[in-house]
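The numbers here are math on the coordinates, done by the rules we state, and not lab data. Values in this document were obtained by computation on a predicted structure and should not be read as measured data. So basically every Cβ, Gly included, is an ideal-geometry build from the backbone, and we count neighbours across all protein chains shown.
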Amino acid sequence: MSERLKDKIAIVTGSSTGIGKAIALAFAKEGAIVVTNSRKLERAETTAKEIRIMGRQAHTIEADLTKTSDIDYLIDTTIEKLDRIDILVNNAGIAMISPTEDLSEHDWDRAVTIDLKATFLCSQKAAKRAMIPQKRGVIINISSILGNVGLPMRAAYCAAKAGVNALTQVMGSEWAKYNIRVVAIGPGYILTEMEQQSLDKGDYTTEHILNRVPMKRYGKLEEVANTAVFLASDDASYITGEIVYVDGAMSATGGW
Ligand code: NAP
């Protein structure tokens, strides 16, 4: 069995479902000891159980990352239990679709807090408490193709993900001196709970999406997860401050 992440301590935020869950499982398969997380212990624990069934180690920490005290708890508890943090994946996020003129301050704050601010706070805390003293670490931010364009009705989401891209570049260049790599993955359309909810609400249709994707299909969870494994591993040792798109060429075309 390949073990590209053998014994690495990896936190994957928002790993109860979707992309976060797929990354947690892929990391465990490569030998990492994974900390799963979500707002609900039972939901994150289902991923941890699947990891233990594989014969790998997993821990679950409930934390709502819109609360700074919960972010502190996530990072502090990981260090208490496991001594260090080698990999942090900032994946937890929500979609927010609304005409900009009707987007409430409350909804703006909700999206920007989890999609951008939590990425900053988790990274800062993991770096300061673990990765800078260790002089080693990898941070992977799950951004979006929408961090690169201004799609109508996504003011908060696009602004947050553009912020994640900028933050990735800043942290990647600033923390290179500590041997910390910071990268982002920009997924295209991946059929997850988040995506299904948008389809169910009628925000857009599958046909509408796939017409815009040169590869004419949704991305698969494992295609994002395999990219995360590569970026977390030493195979990507000279890649930092970079955004890698996993999107069937959608952003390459302008996509819209
Ligand atoms: P998803 O299936 O809805 O999963 C979102 C995850 O985030 C869940 O595990 C959820 O856990 C967790 N979460 C949400 N709010 C949280 C909070 N306040 N604290 C802790 N955990 C929280 O979504 P997904 O599609 O996999 O998206 C994952 C990431 O990929 C997001 O950052 C999203 O923006 C990005 N992305 C997705 C797509 C796509 O097509 N699906 C495309 C581009 C980018 P609980 O609900 O259990 O708390």
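Looking only at region 73-119, how many residues end up being surrounded by fewer than 17 Cβ atoms within 10 Å (Cβ to Cβ) and under 19 Å from residue 195 (Cα atoms)?
3
Which one is surrounded by the most Cβ atoms within 10 Å (Cβ to Cβ) among residues in region 3-42 that are in a helix (DSSP H, G or I) and within 6 Å of the ligand (Cβ to nearest atom)?
It comes out as 20.
Please list, ordered by first then second residue, the pairs with beta carbon atoms under 9 Å, 6 or more apart or interchain, first in region 49-69 and under 17 Å from residue 25 (Cβ atoms) and touching a residue at least 60 places away in the same chain (Cβ under 8 Å), second of a type in the set (Gly, Ala, Ser) and in a helix (DSSP H, G or I).
Here the result reads none, with nothing in region 49-69 linked to a residue that is of a type in the set (Gly, Ala, Ser) and in a helix (DSSP H, G or I).
Given the options 184, 176, 127, name the one that is surrounded by 16 or more Cβ atoms within 10 Å (Cβ to Cβ), over 18 Å from residue 249 (Cα atoms) and among the small types (Gly, Ala, Ser).
One residue alone meets the criteria, 127.
Consider region 166-224. How many of its residues are within 12 Å of the ligand (Cβ to nearest atom), farther than 22 Å from residue 85 by Cβ and under 21 Å from the mean Cα position of the chain (by Cα)?
Selection size over region 166-224: 18.
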